[in-house]
Structure formats: structure tokens, C-alpha cells
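Asker: Quick one: the structure is below, questions incoming.
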Amino acid sequence: VQLQASGGGLVQAGGSLRLSCAASGRTLSSYTVGWFRQAPGKEREFVAAIRWSGGSTDYTKSVKGRFTISRDNAKNTVYLQMNSLKPEDTAVYYCATTRTVRSSWSSGDEYAYWGQGTQVTVSS
């Protein structure tokens with residue numbers, strides 16, 4: 001599976017961005033897709049995830065109510081709609097996918113395939 005993340009950019013606080021994660025090589029119909037982010041000098045952290053089958057989702061507490069993860073079956077693509085962005089959301093955002101989640105889908109160790117990352121910068 002190859003993942004291509006896009007949609008990052010520079011936005012003012014309070015603004016919005018939509019990230020895309022396009023998959024190729026395999027359909028994601030039985031996969032879980034997650035978004036993670038890593039800010040300079042910080043560890044990678046879980047942002048959101050969606051289980052393709054059934055569409056169940058989960059979010060880290062700091063983005064609940066502001067970010068929405070969704071999928072487009074026809075395009076084999078997952079989106080992360082980010083609203084009310086804050087400077088602390090500034091990071092490189094990565095999408096990742098895996099077919100089998102053994103323990104916790106918020107752990108990056110669960111994911112076998114990763115995209116290249118897209119930079120999100122939120123100015124104050």
C-alpha cells in the first residue's frame with residue numbers, strides 16, 4: 001500500500017485546512033487509517049483514526065470537536081478536516097494504515113504503511 005498525504009499549508013489561527021491521504025496499490029476496505037503528527041522537538045502523536053469497515057472513528061482529546069476524519073470509498077482516500085486551528089496544531093501530519101490492529105489504533109506501532117507527511121503551520 002502506498003499513501004500520499006497532501007493539503008497542508010500555512011493558515012492563520014481559527015482557520016481551516018483539509019488534509020487528504022490517497023491510497024494506491026490496494027483498496028482500504030478492510031483497513032484502519034490513522035493520522036499522526038509530529039511537531040519540532042516533540043514525539044509523534046496520534047490525531048485521529050477511522051476504521052474503513054463501519055466507519056468508526058476516534059480522536060485525541062485536543063482535537064475533538066475541531067477535526068473530522070472521513071473516507072471516500074470511490075477515491076480510496078481519507079480526509080482530515082481541521083477547523084478552528086490553533087498554533088499548537090503546527091506539525092508535520094502523517095497518514096498511516098494497517099489491516100490488523102492488535103491492541104490500540106492510537107499507537108503508531110500498529111501501522112504498517114506510512115505516507116510522506118504534509119506540513120501544517122498555524123500562525124497566531
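Asker: State all residues of region 102-117 that are exposed (fewer than 11 other Cβ atoms within 10 Å of the Cβ) and assigned to a loop (DSSP other than H, G, I, E, B); if no residue qualifies, say none.
Answerer: Hits for region 102-117 are R102, S103.
Asker: Of all residues in region 58-68, how many are open to solvent by less than 60 Å² (accessible area, probe 1.4 Å), closer than 19 Å to S107 by Cα and in a loop (DSSP other than H, G, I, E, B)?
Answerer: Number satisfying all stated conditions: 1.
Asker: What do you reckon, is S29 surrounded by fewer than 17 Cβ atoms within 10 Å (Cβ to Cβ), touching a residue at least 24 places away in the same chain (Cβ under 8 Å), polar (S, T, N, Q) and in a loop (DSSP other than H, G, I, E, B)?
Answerer: Taking the combined requirement at face value, the residue satisfies it.
Asker: Quick check: is even one residue across region 82-101 of a type outside the set (S, T, Y), open to solvent by 10 Å² or more (accessible area, probe 1.4 Å), without any contact (Cβ under 8 Å) to a residue 60 or more places away in the chain and in a loop (DSSP other than H, G, I, E, B)?
Answerer: No.
Asker: Continuing with the same structure: Could you go through region 36-44 and let me know if any residue there is more than 14 Å from A96 (Cα to Cα), touching a Phe, Trp or Tyr at 6+ places or on another chain (Cβ under 7 Å), of a type outside the set (A, V, I, L, M, F, W, C) and surrounded by fewer than 17 Cβ atoms within 10 Å (Cβ to Cβ).
Answerer: Checked region 36-44: no residue is more than 14 Å from A96 (Cα to Cα), touching a Phe, Trp or Tyr at 6+ places or on another chain (Cβ under 7 Å), of a type outside the set (A, V, I, L, M, F, W, C) and surrounded by fewer than 17 Cβ atoms within 10 Å (Cβ to Cβ).
Asker: Assess whether A23 counts as being surrounded by 15 or more Cβ atoms within 10 Å (Cβ to Cβ), under 22 Å from Q116 (Cβ atoms) and without any contact (Cβ under 8 Å) to a residue 60 or more places away in the chain.
Answerer: So A23 does not fit the description; no.
Asker: Filter region 60-114 down to the residues that are small (G, A, S), under 12 Å from the mean Cα position of the chain (by Cα) and over 19 Å from K42 (Cα atoms) and list them by number.
Answerer: If the condition is that a residue be small (G, A, S), under 12 Å from the mean Cα position of the chain (by Cα) and over 19 Å from K42 (Cα atoms), then S70 is the only one that fits.
Asker: Further, regarding this structure: Which residue pairs have Cβ atoms closer than 9 Å, lie 6 or more positions apart in sequence or on different chains, and pair a first residue in region 47-59 that is in contact (Cβ under 8 Å) with a residue 60 or more places away in the chain and under 11 Å from V33 (Cβ atoms) with a second residue that is of a type in the set (K, R) and open to solvent by less than 10 Å² (accessible area, probe 1.4 Å)?
Answerer: Listed by first residue and then by second, the contacts come to nothing, as the list is empty.
Asker: Checking R71 against (1) within 25 Å of S84 (Cβ to Cβ); (2) part of a loop (DSSP other than H, G, I, E, B); (3) open to solvent by 70 Å² or more (accessible area, probe 1.4 Å), only one condition comes out false. Which one?
Answerer: With (1) within 25 Å of S84 (Cβ to Cβ); (2) part of a loop (DSSP other than H, G, I, E, B); (3) open to solvent by 70 Å² or more (accessible area, probe 1.4 Å) applied to R71, the lone miss is (2).
The values are calculated or read from the model by the stated rules, or taken from the named source; none is laboratory data. These numbers come from a predicted model, not from an experiment. Neighbour counts run over all protein chains shown; Cβ positions are idealised from the backbone, glycine included. The accessibility values were calculated without ligands, DNA or RNA, using every heavy atom of the protein model including side chains. Shrake-Rupley method; radii C 1.70, N 1.55, O 1.52, S 1.80 Å.
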